[in-house]
1. Once the Cβ-Cβ distance between Ala165 and Arg433 is put in as r, and R0 is 60 Å, what FRET efficiency do you end up with, to the nearest 0.05?
2. Rounded to the nearest 20 debye, what is the charge dipole size of region 166-428 about its Cα centre when +1 sits on each Lys and Arg Cβ and -1 on each Asp and Glu Cβ?
3. How much of Tyr202 can a 1.4 Å solvent probe reach, expressed as accessible area in Å² and rounded to 10?
4. Over the residues of region 166-428, compute the C-alpha Rg and express it relative to 2.2 N^0.38 Å.
5. Net charge around Ala337, counting only other residues with Cβ within less than 14 Å of its Cβ (Lys, Arg = +1; Asp, Glu = -1)?
6. Just add up the charged neighbours of His390: K/R +1, D/E -1, any other residue whose Cβ is under 11 Å from the Cβ of His390.
7. Starting from the Cα-Cα distance between Val312 and Arg109, subtract it from 0.36 nm times their residue separation and give me the gain in nm to one decimal.
8. Where does the Debye-calculated log10 I(q)/I(0) of region 141-255 sit at q = 0.12, 0.14, 0.16 Å⁻¹, using only Cα point scatterers of equal weight, no solvent?
Amino acid sequence: LSGNDRNWFLTGNPDSYRNAIGKGLRCLLDVPRTSDRNAHHTSGRLCSQSSQPSLQISSVEQPPHHLPAWNIQINRSFHTSPSLQAAPVPLFWIIVKPAQKLFAIILGRSIRKWWKALPPNKRELFKESARKNKWKILLGVSSLGVVFVMFYFTHLEETPITGRARLLVFGKEHFRELSQMEYDMWMEQFKSQMLPETDARYQVVERVVGHLSESNKDIPQVAALKWVIHVVDEPGVNAFVLPNGQVFVFTGLLDAVSDIHQLSFILGHEIAHAVLEHAVKKASLVHFLDFLSLIFLTMIWAICPRDSLAVVGQWIQSKLQEFMFDRPYSRTLEAEADKVGLQFAAKACVDVRASSVFWQQMELAETIQGQPKLPEWLSTHPSHENRAEHLDRLIPEALKIRESCNCPSLSGPDPRLIFRLNMQHLLELSKGREAPNSTKQDPSKPKLDFPHT
């Protein structure tokens, strides 16, 4: 792609964008399928012994002197996995999980009613008995805690690639079956929006995923899965991969990325989710915490004097669990997938420097549209800004991996530098545009107005 085409996101010219995508598709589809050859060997083998066709972009030109008006259509937020169906839930949860909570509520409420119905003298007898046997009660509670701790540590396994310990409660066979069920659900939902295999957008996604999997086939978890492509004609900026290797990409994502390198990183991130089995890890942790919370739920309904207070207490408990455990763990998994996905992209000879630029573009788009910024602790995904910073810290290591895989040298300036220069130029243009009209605008409602060329 030429420099002007590469920066279509900044120029916002639809014609320029269409030309860029067309050139990108042709460039990628023209990558030859060569036979396997010996890649560069290094200590701690990282690269698979396969061809490494380069996904390169020519050097980027200097920022233009005039930039057209913005024409950006970006969704509220970008989730690289479905918001609700990111972690498939074991089928028996549908019946067992609500039944467990209902049992805890009934038990706690029954204890409260039984206690209220006791005569005062019997209450005092129970209190006195509890004081006499406090050590036995404490020993029983401690034993229960030890059981939970032993269960947790006996169900820890090592995460592929990263080696990080993870909790696994459910068998992988169950998740394979449920992945097929979830796949059938998505196919039914999007059956009228699936692009045919002859569509150029389908072919570019297929080629990117094929290149990533071929370049990382030395990893057993990558080689074991059969990657099947589905491109959905949907404006949402989204992509996700099911645990069984079914890849779903929305055309809105293809519209949002500015080059093939950004697309390769995003798909590498999604492949990492499947390879690291994040769906199993997430579901296991949530189920473990839900089971543990049944004790507190029973206590809430037993202690609270009225049902209304118990309902409030139950809501507070669920929110504390969500914001203290569930969402932080989801953000941890996203950061892990970013790291491993960047490594996958590096081994595929992708320009990994473009990864952080994508999230800066997303941050900029939301800012221009005036979308409110939610605190990161309210989200299941890291903020765009923190994500870009995290990737910037990982890029030097990824560049070393790329070099060890005998990839062609990166030509042209760093895309991160080009992005910063273009942002600086845009700010200068906006200041020059706003100065003459400063008396006509409401200072409480600042508006960016970028001139046409």
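1. Numbers: r = 55 Å, r/R0 = 0.91.
Step by step, r from the Cβ atoms, then E = 0.65.
2. Details: 24 positive and 34 negative charges, 124 e Å.
The dipole of region 166-428 has a size of about 600 debye.
3. For Tyr202, the solvent-accessible surface is approximately 20 Å².
4. On the way: Rg = 21.0 Å, N = 263, 2.2 N^0.38 = 18.3 Å.
Relative to the 2.2 N^0.38 Å estimate, region 166-428 comes out at 1.15.
5. Values: positive: Arg164, Arg166, Lys281, Lys282, Arg331, Lys339, Arg387; negative: Glu270, Glu277, Glu334, Glu336, Asp338.
Net local charge, Ala337 excluded: +2.
6. Numbers: positive: Arg331, Lys339, Arg387, Arg393; negative: Glu334, Glu336, Asp338, Glu385, Glu389, Asp392.
Combined, the nearby Lys, Arg, Asp and Glu give -2.
7. Numbers: separation 203, 0.36 × 203 = 73.08 nm, distance 1.43 nm.
The Val312-Arg109 span can extend by a further 71.6 nm.
8. Normalising to I(0) and taking log10 leaves -0.59, -0.74, -0.88.
The values are calculated or read from the model by the stated rules, or taken from the named source; none is laboratory data. Computed from a prediction, not measured in an experiment: that's the story for all the values here. In this analysis, Cβ positions are derived from the backbone assuming ideal geometry, glycine residues included, and neighbour counts consider all displayed protein chains. Heads up: the accessible areas ignore ligands, DNA and RNA and are worked out on the full protein's heavy atoms, side chains in. Shrake-Rupley method; radii C 1.70, N 1.55, O 1.52, S 1.80 Å.
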